[in-house]
Amino acid sequence: MTALKVASYNIHKAVGIDRKYDPARILRVLVEMDADIVVLQEADKRLGKRPAAIPHFLLEQETDYAVAHLARNNVSLGWHGNAVLFKKSLTVEALEHIELPGLEPRGAVVAEMATRAGPLRVVGMHLDLSGLYRERQIEAIVADIQGRPKMPTILMRTPYGKQMGALFATTILSKGFVWVVQDTRGRFDSEGES
């Protein structure tokens with residue numbers, strides 16, 4: 001069996017818990033993770049043209065990643081802050097956007113890829129923080145995926161902690177998906193260091 005390493009990473013617009021903007025720190029983490037596919041949340045700033053938090057040229061220069069062309073302009077990394085990075089050995093077959101309901105603009109991104117393990121669909125999302133629209137957003141994503149041709153699919157989101165993932169899990173499991181969650185890097189129930 002061929003393994004692929006995937007990761008979801010909220011880069012908070014490249015601003016750390018020390019409140020310093022430091023794209024080099026994000027690049028170091030990406031290199032250390034060495035995942036085949038990384039879904040980023042908060043990869044773009046929220047106002048104006050939504051410029052990328054990490055310049056494209058730095059990603060290309062400092063990592064082995066290519067950026068999936070999900071942006072609808074030439075300054076963003078992704079769409080609604082969601083971006084997909086992939087090792088250059090993988091091939092992107094299709095890219096899509098999923099509009100999500102909510103008070104503030106939200107969306108999910110879809111990347112279908114040819115990988116050494118076979119075809120794979122990755123869905124990146126950063127859902128409503130208040131929880132008011134989260135269930136409807138999850139249902140919209142699941143409905144969209146169920147309307148597509150069958151393919152191994154990974155839904156990747158910002159980990160808000162295992163407890164906050166219970167609603168997400170209930171919806172996903174009821175639709176026949178598998179649910180995996182992990183707290184990471186000293187957050188929530190993780191014992192690791194942040």
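The values are calculated or read from the model by the stated rules, or taken from the named source; none is laboratory data. All figures in this text were calculated on a predicted structure; none of them were measured in a lab. Ideal geometry is used to build each Cβ from the backbone, glycine not excepted, and the neighbour counts take in all protein chains shown. Side chains are part of the model used for accessible areas, which takes the heavy atoms of the whole protein and leaves out ligands, DNA and RNA. Shrake-Rupley method; radii C 1.70, N 1.55, O 1.52, S 1.80 Å.
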Residue list for the stretch 101-118, given a label point 7 angstrom along the Cα-to-Cβ vector of Arg72 and an amide N cut-off under 20 Å: 101-112
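Looking at the stretch 1-157, how many pairs of lysines come closer than 16 Å at the Cα, when each pair is eight or more places apart or spans two chains?
On the way: Lys5/Lys87; Lys5/Lys88; Lys13/Lys45; Lys13/Lys49; Lys20/Lys45.
Qualifying lysine pairs in the stretch 1-157: 5.
Can you tell me, using C-alpha contacts under 8 Å and at least 6 residues apart, the relative contact order of the chain as a whole percent? Each step should come with its number before you reach the end.
Values: 369 pairs, mean separation 29.0, N = 194.
So the answer I get is 15 percent.
Indicate the gyration tensor shape class of the stretch 1-110 (rounded, prolate or oblate), computed on the Cα atoms with a ≥ b ≥ c the square roots of the eigenvalues: a/c under 1.5 is rounded; otherwise a/b larger than b/c is prolate and the rest oblate. Walk me through the numbers on the way to the answer.
Numbers: a/c = 1.61, a/b = 1.12, b/c = 1.44.
Note, shape of the stretch 1-110 comes out oblate.
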The chain shape via C-alpha gyration tensor axes, a/c threshold 1.5: rounded
Antiparallel bridge percentage (DSSP; both residues within the chain; nearest 5): 75
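Go ahead and estimate [θ] at 222 nm for the chain from helices alone: -39,500 (n - 2.57) per DSSP H run with n ≥ 4, summed, over the residue count, rounded to 500. Walk me through the numbers before you get to the answer.
Working: 4 runs with 40 residues, N = 194.
That comes out to -6000 deg cm²/dmol.
Ignoring ligands, DNA and RNA, what percent of the 1.4 Å accessible area of the chain is carbon and sulfur?
Working: 5510 of 10440 Å².
It is 53 percent, rounded to a whole number.
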Accessible area of the stretch 24-166 divided out per residue, in Å², using a probe of 1.4 angstrom: 47
